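**Student:** First, the structure itself, so that you have it in front of you.
The values are calculated or read from the model by the stated rules, or taken from the named source; none is laboratory data. Note that the structure is predicted; figures quoted are calculated from it, not measured. Every residue, glycine as well, gets a Cβ built from its backbone with ideal geometry; the counts of neighbours run over all protein chains shown. Heads up: the accessible areas ignore ligands, DNA and RNA and are worked out on the full protein's heavy atoms, side chains in. Shrake-Rupley method; radii C 1.70, N 1.55, O 1.52, S 1.80 Å.
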Amino acid sequence: MNKLAEPTRTRRARHGIRLCLVVLMLIMGPGRVDPIRAQSAGSPEILTYGYRVIESYPHDPDAFTQGLLVADGDLYESTGRLGESSLRRVELESGKVKQIHHLAEDLFGEGLARWEDRLIQITYRAGLGFVYDRESFREIRRFRYTGEGWGLTSSDTHLILSDGSASLRFLDPVSFEVVQTVVVTEQGEPVDLLNELEMVGDRLFANVLFSEDLLIIDPVSGAVTGRVDLRGLLIPPEQGPLPNVLNGIAWDPENDRLFVTGKLWPRLFEIELIPNP
């Protein structure tokens, strides 16, 4: 199910779109049509990216990475598997686990998000989420949700949860009630198996299970606006067989750094996105 980057439109197609928009503006008069909005309202052009590795860091090869984030220079990680699930604070440069909280053996850890001074961790099929004090990892409360939990991140106003489908749930960060659902589409078609999530500026980045691409998503419309091809980060002997798949995205807004890793990967990578010509 490896999804490869879609080709961009040809110059001729882009010219045709612009010409149609100009004709439409002439017909409807000034101030009636915004060409940028008119183009994005149809099938938006999907930008494609490669990457450049800025730095490579050690990563615990026994960590089944499900959620990842950076805060105040430290890496926070949620790991999965029954009997092995945990919440961790990790020293970025060395990969050393500085602090750990183990989940009950019957729980499978999944996505992780930060909200103010708290960490929120979800689980796979238990429908159970946890709220922790970020400094002490002390459990503050628990909450319930329906269906499966896969990825979790936070915007300025909501938590965003994926469940393996094409739908994203926007949760109130205090009550954890669902306030909105957005379906992610690429060229009008739903994209399922959405996994780990991370807000990067005003765009939502997502892993797709079994894929070596990152999706870049408009969180308002759900439209996929970009794909990042991350093939080649690990050489085959390092990556190993399934389920050692790409999973884990962390954005450091203070230093404009983007990090990615995978389940049971021995390395974590700081990368720069390179637009394809």
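**Student:** I'd like to check something: does segment 245-256 contain any residue that is at pLDDT below 95, open to solvent by less than 20 Å² (accessible area, probe 1.4 Å) and aliphatic (A, V, I, L, M)?
**Tutor:** Yes, segment 245-256 contains a residue that is at pLDDT below 95, open to solvent by less than 20 Å² (accessible area, probe 1.4 Å) and aliphatic (A, V, I, L, M).
**Student:** So, one more: Would you mind telling me which numbered condition in (1) at pLDDT below 95; (2) within 26 Å of Asp156 (Cα to Cα) Trp115 fails?
**Tutor:** (1)
To keep it simple, each residue is scored yes or no on (1) under 22 Å from Leu214 (Cα atoms); (2) at pLDDT 95 or above; (3) among the basic types (Lys, Arg).
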{"residue": "Lys3", "(1), (2), (3)": "yes, no, yes"}
{"residue": "Arg9", "(1), (2), (3)": "yes, no, yes"}
{"residue": "Gly31", "(1), (2), (3)": "no, no, no"}
{"residue": "Ala41", "(1), (2), (3)": "no, no, no"}
{"residue": "Thr48", "(1), (2), (3)": "yes, yes, no"}
{"residue": "Ser56", "(1), (2), (3)": "yes, yes, no"}
{"residue": "Lys96", "(1), (2), (3)": "no, yes, yes"}
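**Student:** Inspect all residues belonging to segment 135-149 and state whether any of them is open to solvent by less than 10 Å² (accessible area, probe 1.4 Å) and of a type in the set (Val, Ile, Thr).
**Tutor:** Among the residues of segment 135-149, not one is open to solvent by less than 10 Å² (accessible area, probe 1.4 Å) and of a type in the set (Val, Ile, Thr), which makes the answer no.
**Student:** Which members of segment 57-78 meet the condition of being among the acidic types (Asp, Glu) and either under 13 Å from Phe259 (Cβ atoms) or touching a Gly at 6+ places or on another chain (Cβ under 9 Å) (or both)? So that I can check it myself, show each step before the final result.
**Tutor:** We begin by selecting, within segment 57-78, every residue among the acidic types (Asp, Glu); these are 60, 62, 72, 74, 77.
Asp60, Asp74, Glu77 - these are the residues of segment 57-78 that are among the acidic types (Asp, Glu) and either under 13 Å from Phe259 (Cβ atoms) or touching a Gly at 6+ places or on another chain (Cβ under 9 Å) (or both).
**Student:** Would you mind listing the strands (runs of 3 or more DSSP E) fully within segment 47-93 where at least 3 residues are in contact (Cβ under 8 Å) with a residue 12 or more places away in the chain and of a type in the set (D, E, K, R)?
**Tutor:** Details: elements: 47-58, 65-71, 74-79, 86-91.
The strands (runs of 3 or more DSSP E) meeting that bar are 86-91.
**Student:** Regarding Gln99, is this residue open to solvent by 20 Å² or more (accessible area, probe 1.4 Å) and either in contact with a Pro (Cβ under 6 Å, 6 or more places away or on another chain) or outside any loop (DSSP other than H, G, I, E, B) (or both)? Don't jump to the end; show me each part of the working.
**Tutor:** On the way: open to solvent by 20 Å² or more (accessible area, probe 1.4 Å): yes; either in contact with a Pro (Cβ under 6 Å, 6 or more places away or on another chain) or outside any loop (DSSP other than H, G, I, E, B) (or both): yes.
Spelling it out, Gln99 is indeed open to solvent by 20 Å² or more (accessible area, probe 1.4 Å) and either in contact with a Pro (Cβ under 6 Å, 6 or more places away or on another chain) or outside any loop (DSSP other than H, G, I, E, B) (or both).
**Student:** I'm trying to understand the selection: among the residues of segment 139-174, which are within 25 Å of His102 (Cα to Cα) and assigned to a loop (DSSP other than H, G, I, E, B)?
**Tutor:** Scanning segment 139-174 gives Tyr145, Thr146, Gly147, Glu148, Gly149, Trp150, Gly151, Asp163, Gly164, Pro173, Val174.
**Student:** If we keep just the residues of segment 166-175 that are of a type outside the set (A, V, I, L, M) and surrounded by fewer than 20 Cβ atoms within 10 Å (Cβ to Cβ), which is farthest from Leu119 (Cα to Cα)? Give the steps one after another, and end with the answer.
**Tutor:** Start the filter on segment 166-175 by keeping residues that are of a type outside the set (A, V, I, L, M), which leaves 167, 169-170, 172-173, 175.
Now restrict to residues that are surrounded by fewer than 20 Cβ atoms within 10 Å (Cβ to Cβ): 167, 170, 172-173, 175.
Working: Ser167: 23, Phe170: 17, Asp172: 14, Pro173: 11, Ser175: 15 Å.
This residue is Ser167.
**Student:** Among the residues of segment 59-91, write down those that are at pLDDT 95 or above, hydrophobic (A, V, I, L, M, F, W, C) and surrounded by fewer than 19 Cβ atoms within 10 Å (Cβ to Cβ).
**Tutor:** Within segment 59-91, just Leu82 meets the criteria.
**Student:** If I ask for residues that are surrounded by fewer than 21 Cβ atoms within 10 Å (Cβ to Cβ) and not hydrophobic (A, V, I, L, M, F, W, C), which ones from segment 102-116 would you list?
**Tutor:** Within segment 102-116, His102, Glu105, Asp106, Arg114, Glu116 meet the criteria.
**Student:** How many residues does segment 111-138 hold that are part of a strand (DSSP E or B) and either of a type outside the set (A, V, I, L, M) or at positive phi (or both)? Please lay out each step first, then the result.
**Tutor:** Our first condition is that a residue be part of a strand (DSSP E or B); within segment 111-138, this holds for 111-115, 118-123, 128-133.
Now drop any that are not either of a type outside the set (A, V, I, L, M) or at positive phi (or both), which leaves 111, 114-115, 118, 121, 123, 129-130, 132-133.
The number of residues fulfilling the criteria is 10.
**Student:** Among the numbered conditions (1) within 13 Å of the chain's Cα centre (by Cα); (2) surrounded by fewer than 18 Cβ atoms within 10 Å (Cβ to Cβ); (3) acidic (Asp, Glu), tell me where Asp163 comes up short.
**Tutor:** All conditions are met except number (2).
**Student:** Could you please let me know if Ala126 is within 20 Å of Leu214 (Cα to Cα), open to solvent by less than 70 Å² (accessible area, probe 1.4 Å) and modelled with pLDDT of 95 or more? I'd like the intermediate steps shown before the answer.
**Tutor:** On the way: within 20 Å of Leu214 (Cα to Cα): no; open to solvent by less than 70 Å² (accessible area, probe 1.4 Å): yes; modelled with pLDDT of 95 or more: yes.
Criteria not met by Ala126.
**Student:** State which residue is farthest from Tyr57 (Cα to Cα) when the search covers only segment 210-228 and only residues that are open to solvent by 30 Å² or more (accessible area, probe 1.4 Å) and not β-branched (Val, Ile, Thr). So that I can check it myself, show each step before the final result.
**Tutor:** So the first thing to find is which residues in segment 210-228 are open to solvent by 30 Å² or more (accessible area, probe 1.4 Å), and the list is 210, 212, 218, 220-221, 225.
If we keep only those that are not β-branched (Val, Ile, Thr) too, we end up with 210, 212, 218, 221.
Values: Phe210: 23, Glu212: 19, Asp218: 30, Ser221: 35 Å.
Filtering segment 210-228 for residues that are open to solvent by 30 Å² or more (accessible area, probe 1.4 Å) and not β-branched (Val, Ile, Thr), the one farthest from Tyr57 (Cα to Cα) comes out as Ser221.
**Student:** With the checklist (1) surrounded by fewer than 18 Cβ atoms within 10 Å (Cβ to Cβ); (2) in contact (Cβ under 8 Å) with a residue 40 or more places away in the chain; (3) among the β-branched types (Val, Ile, Thr) in hand, flag the one item Val182 doesn't pass.
**Tutor:** Of (1) surrounded by fewer than 18 Cβ atoms within 10 Å (Cβ to Cβ); (2) in contact (Cβ under 8 Å) with a residue 40 or more places away in the chain; (3) among the β-branched types (Val, Ile, Thr), only one is false for Val182: (1).
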